[in-house]
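The values are calculated or read from the model by the stated rules, or taken from the named source; none is laboratory data. Source: prediction; values computed, not measured. When we count neighbours, we look across all protein chains shown, and the Cβ atoms used for this are built from the backbone with ideal geometry, even at glycine. Calculation scope for accessible area: heavy atoms of the full protein, side chains included, ligands and nucleic acids excluded. Shrake-Rupley method; radii C 1.70, N 1.55, O 1.52, S 1.80 Å.
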Amino acid sequence: MDPITAGILAATAVPLASGVAGEAGKQAWGSLVAFVRHRFGRDSAPDAATQALTDQPDETLHGEVLGRTLADEAARDEQMAAWLREWLATAAPLAGQQWSPSTVSNAISGHAQVHGPVVQAHTISGPITFGPPAPSSGQ
């Protein structure tokens, strides 16, 4: 499963809280706020983070705090992580973010012999280079 990071949570929550994602975004934001209040109760740290972002939706720092708070909780609790994955699958596109819960398995095992660099990743955007740059054809 893709990790639930503070960055993707913040990048999703801030636009939803500010209302730029329209009615569907408001509903997605409302579902997150309701989930947090039900899960942690009013006056909890996660509830305070959602309330701060609700009160000042253009303050990205509040989104970062909320993202870190929820990501930390998700790392400790798989049920919460599962709910957040489902929420992100719907909410992230509304906020213009790309996120998909997928399984990635990278392994070098058995009697594998690796002679040189190895890259294991889910998605790579841009070039990957090992060692010095290749000589140009003009030399």
- Message: Yes or no: region 60-70 includes at least one residue that is touching a residue at least 12 places away in the same chain (Cβ under 8 Å), in a helix (DSSP H, G or I) and surrounded by fewer than 19 Cβ atoms within 10 Å (Cβ to Cβ).
- Response: yes
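In the set 33, 20, 65, 14, which member is over 30 Å from residue 119 (Cα atoms) and at pLDDT 95 or above? Steps first, answer last, please.
On the way: 20 fails: at pLDDT 95 or above; 65 fails: at pLDDT 95 or above; 14 fails: at pLDDT 95 or above.
Every option except 33 fails the conditions.
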- Item | Listing of helices (runs of 4 or more DSSP H) fully contained in region 1-57 that carry 1 or more residues being touching a His at 6+ places or on another chain (Cβ under 6 Å) and open to solvent by 20 Å² or more (accessible area, probe 1.4 Å) | 45-55
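If only one of 109, 102 is open to solvent by less than 70 Å² (accessible area, probe 1.4 Å) and at pLDDT below 90, which one is it? Please lay out each step first, then the result.
On the way: 109 fails: open to solvent by less than 70 Å² (accessible area, probe 1.4 Å).
Step by step, each of 109, 102 is checked, and only 102 is open to solvent by less than 70 Å² (accessible area, probe 1.4 Å) and at pLDDT below 90.
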